[in-house]
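A quick write-up on the structure given underneath.
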Amino acid sequence: MKVEDIVDDWVASPPDLYFKLKKVIENPESSFKDIGEVILHDPALSARILKISNSPLFNPESQVETIEHALTFIGMNQLEELVLGTAEMESFKGIPVDLIDINSFWKHSIGCALGARLIAEYIHEPEKDRFYLLGILHDIGSLVIYKKAPKAAKEALELSEASSKSLFQVEAQVHGFNHAEVGAALFQAWKLPERLIEVVANHHTPLQSKNYSRDATIIHLADIISHELDLQGAGEGYAAPLDENLLKDLKLTQKDISRLKIQLKDQFEETAEVFLSSG
Ligand SMILES: [Fe+2]
Ligand SMILES: [Fe+2]
């Protein structure tokens, strides 16, 4: 099977709302009200935006009760990403996946998202919030594989555990491609921004990213930290250890990582429920 085949019928269902919203946001004449109206078409998303904007993630000064109010402090870029991220979580929710516990999968992804944002903040990366969506979606290719090729996926999982090799390496052996490639192919088919495609493609091999290796490194480290903290797995039995050279690239020490882990644990406990509870 080729990567294109495996994402084939997912391509038919791009996240509609994301593109609708993008159009309104890109129109210079749009007001917060116009944008809010698009969001209100989706009650579940509206509820989620309100929940998220009232959560410690944003720490608003006063209670946020309307989408318009939420929009005054959620940046437009972040809004697009938030919509895409939550829409993806929704669309995969009903999928019967026997191989992994879908809740654990998202917990790992949220852990990676929060971790990436914390690292970005720690090293003074501009616009730290842009790491959030990348963290949420970094392993999306795995969901596609679990659904489309469950037998082979099981084989890959078992092989990874038995051989103490990273899942993405074993996947290449079993499927002929890995979940990072599948995620990237999906994003490509959806015509998402190049940065998202490249970082997802290289989240296990950050130095292979041509234009976004720094972003990919941040996601890569956050992914490992999320595994190490055991914030639940994406079904990956074995996680590679932290690469000292990559830490150096970001001017981070093991001590910094220990500090970040403590912060991440706290944030994770406060935030995960907001994302995973429905409505
Ligand atoms: Fe991964
Ligand atoms: Fe991961």
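Would a scan of the stretch 261-277 turn up a residue that is in a loop (DSSP other than H, G, I, E, B) and either modelled with pLDDT of 90 or more or of a type outside the set (Phe, Trp, Tyr) (or both)?
Checking the stretch 261-277: at least one residue is in a loop (DSSP other than H, G, I, E, B) and either modelled with pLDDT of 90 or more or of a type outside the set (Phe, Trp, Tyr) (or both).
Hey, can you tell me all the residues within the stretch 109-131 that are open to solvent by 10 Å² or more (accessible area, probe 1.4 Å), in contact with a Lys or Arg (Cβ under 7 Å, 6 or more places away or on another chain) and part of a helix (DSSP H, G or I)?
Matches in the stretch 109-131: Arg117, Glu121, Lys128, Asp129.
For the stretch 113-125, does any single residue satisfy the condition of being closer than 28 Å to Glu4 by Cα, at pLDDT below 85 and within 12 Å of the chain's Cα centre (by Cα)?
no
Quick check on my filter: what residues within the stretch 46-65 are of a type in the set (S, T, N, Q) and open to solvent by less than 70 Å² (accessible area, probe 1.4 Å)?
If the condition is that a residue be of a type in the set (S, T, N, Q) and open to solvent by less than 70 Å² (accessible area, probe 1.4 Å), then Ser46, Ser53, Asn54, Ser55, Ser62 are the ones that fit.
Mind listing whichever residues of the stretch 141-186 are in a helix (DSSP H, G or I) and among the charged types (D, E, K, R)?
Scanning the stretch 141-186 gives Lys147, Lys148, Lys151, Lys154, Glu155, Glu158, Glu161, Glu171, Glu181.
Answer yes if at least one residue in the stretch 78-93 is at pLDDT below 75, open to solvent by less than 50 Å² (accessible area, probe 1.4 Å), within 22 Å of Asp266 (Cα to Cα) and assigned to a loop (DSSP other than H, G, I, E, B), and no otherwise.
no
Going by what's in this entry, would Ala222 be described as in contact (Cβ under 8 Å) with a residue 12 or more places away in the chain, touching a His at 6+ places or on another chain (Cβ under 9 Å), among the small types (Gly, Ala, Ser) and assigned to a helix (DSSP H, G or I)?
It is true that Ala222 is in contact (Cβ under 8 Å) with a residue 12 or more places away in the chain, touching a His at 6+ places or on another chain (Cβ under 9 Å), among the small types (Gly, Ala, Ser) and assigned to a helix (DSSP H, G or I).
Could you count how many residues in the stretch 222-237 are buried (at least 18 other Cβ atoms within 10 Å of the Cβ) and at pLDDT below 90?
Here the count works out to 8.
For (1) closer than 18 Å to Ile225 by Cβ; (2) more than 13 Å from ligand 1 (Cβ to nearest atom); (3) touching a residue at least 24 places away in the same chain (Cβ under 8 Å); (4) under 15 Å from the mean Cα position of the chain (by Cα), each residue gets a yes or a no:
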site	(1), (2), (3), (4)
Leu99	no, yes, yes, no
Leu137	yes, no, yes, yes
Gly141	no, no, yes, yes
Ile145	no, no, yes, no
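Looking only at the stretch 187-206, count how many residues are part of a helix (DSSP H, G or I) and open to solvent by 20 Å² or more (accessible area, probe 1.4 Å).
Summing the residues that are part of a helix (DSSP H, G or I) and open to solvent by 20 Å² or more (accessible area, probe 1.4 Å) in the stretch 187-206 gives 6.
Just to be sure, is Phe32 under 19 Å from Tyr132 (Cα atoms) and in contact with a Ser or Thr (Cβ under 9 Å, 6 or more places away or on another chain)?
no
The values are calculated or read from the model by the stated rules, or taken from the named source; none is laboratory data. In this text, all values refer to a predicted model and were calculated from it rather than measured experimentally. A quick note on method: Cβ atoms are made from the backbone with ideal geometry, for glycine too, and the neighbour counts reach across all protein chains shown. Please note that ligands, DNA and RNA were not included when accessible areas were found on the heavy atoms of the full protein model with its side chains. Shrake-Rupley method; radii C 1.70, N 1.55, O 1.52, S 1.80 Å.
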